Amino acid sequence: MSTRVGTAGESLRDVVYSTLRGELMNGDIRFGERLTEPKLSARFGMSRTPVREALTMLCSDGLLEREEFGFSPVRPSVARIRDLYELRLTLELGGMTRIMDNPDLIHDEPGLRAEQRRWLALRDDPPAKEPGFVVVDEEFHVALLTAAGNAELVRSLVAVNSRIRHVRMYDFMINNRIETTISEHLGILDAVFAGDLTRAHRLLHTHIGDSLDVVLERISRAIAAMSMSE
């Protein structure tokens, strides 16, 4: 398969990175499939250097691992995903606690109002059940944390999201969580706007995973579905 490159403002490395990352996230590149620099260089019509740089970035994202000859998709580990979920929970609840603990701080209401309008529209016209919804969900959580005003927390959350997205994509697909997610997001925003941050904190905790056992059960089903798609 050939791929056109050279989009204005986008480096060759970034073209390869974004293309392969999307294919890994969507399951187009299967477990056990081997990616090599020569084949990818031929596919993208470029030298090995930007391909090598893109592959290195994907390894840093936790999506690829280096094999003796080439690279292959990382098989998700329940233990690793559990640890990342715990980190995600710490980051997101930390943003809410930051506002709760400091009376001089408030959430960025205009930003959250825009997010509320977006999710009300999704409630009125729910999207189809498809893997890309996980990105929409991530945008909500990033917006909520951004509104708390700590850019380092946001940066860390974005990094965690990139490492669990491929599993969460399957979670949404097999566990029918889209409409539930929309309702829970709106409930969290309602609590924030009402000034009831204790309730907002509790709802956010429940939404992400009040019971880690339940989260792990969903993760295990998602990983099983990913393995069956090979």
(message) Considering only residues that are modelled with pLDDT of 95 or more and within 16 Å of the chain's Cα centre (by Cα), which ones fall in region 107-136?
(response) none
(message) Being on the phi > 0 side of the Ramachandran plot, small (Gly, Ala, Ser) and touching a residue at least 12 places away in the same chain (Cβ under 8 Å) is true for just one of Gly187, Gly149. Which residue is that?
(response) Gly149
(message) I'd like the full set of residues that are of a type in the set (A, V, I, L, M) and modelled with pLDDT under 90, limited to region 61-96.
(response) Leu63, Val74, Val78, Ala79, Ile81
(request) Exactly one condition in (1) surrounded by 15 or more Cβ atoms within 10 Å (Cβ to Cβ); (2) of a type in the set (Asp, Glu); (3) at pLDDT 95 or above is not met by Asp171; state its number. (result) (3)
(request) Select from region 58-76 the residues that are open to solvent by 10 Å² or more (accessible area, probe 1.4 Å) and of a type in the set (A, V, I, L, M) and list them in ascending order. (result) Val74
(message) Could you go through region 182-199 and let me know if any residue there is surrounded by fewer than 19 Cβ atoms within 10 Å (Cβ to Cβ), modelled with pLDDT of 95 or more, of a type in the set (A, V, I, L, M, F, W, C) and not in a helix (DSSP H, G or I).
(response) yes
(message) Gly209 - would you say it is on the phi > 0 side of the Ramachandran plot and open to solvent by 50 Å² or more (accessible area, probe 1.4 Å)?
(response) no
(request) Report yes if Ser47 is small (Gly, Ala, Ser) and either surrounded by 15 or more Cβ atoms within 10 Å (Cβ to Cβ) or within 23 Å of the chain's Cα centre (by Cα) (or both), otherwise no. (result) no
(message) Tell me which helices (runs of 4 or more DSSP H) are completely within region 1-60 and hold 1 or more residues being modelled with pLDDT under 95 and among the hydroxyl-bearing types (Ser, Thr, Tyr), or say none if there are none.
(response) 12-25, 48-60
(request) Output the number of residues of region 149-164 satisfying the condition of being of a type outside the set (Val, Ile, Thr) and surrounded by 21 or more Cβ atoms within 10 Å (Cβ to Cβ). (result) 1
(request) Considering only region 45-66, state which residues are under 23 Å from Arg165 (Cβ atoms) and touching a residue at least 40 places away in the same chain (Cβ under 8 Å). (result) Glu53, Ala54, Met57, Leu58, Asp61, Gly62, Leu63, Leu64
(request) Out of Leu40, Leu55, report the one residue that is over 10 Å from Arg13 (Cα atoms) and open to solvent by less than 60 Å² (accessible area, probe 1.4 Å). (result) Leu40
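The values are calculated or read from the model by the stated rules, or taken from the named source; none is laboratory data. Since the model is a prediction, treat every value here as computed from it, not as a measurement. Positions of Cβ are generated from backbone atoms using ideal geometry, with glycine treated the same way; all protein chains shown enter the neighbour counts. These accessible areas exclude ligands, DNA and RNA; they are computed on the full protein's heavy atoms, side chains included. Shrake-Rupley method; radii C 1.70, N 1.55, O 1.52, S 1.80 Å.
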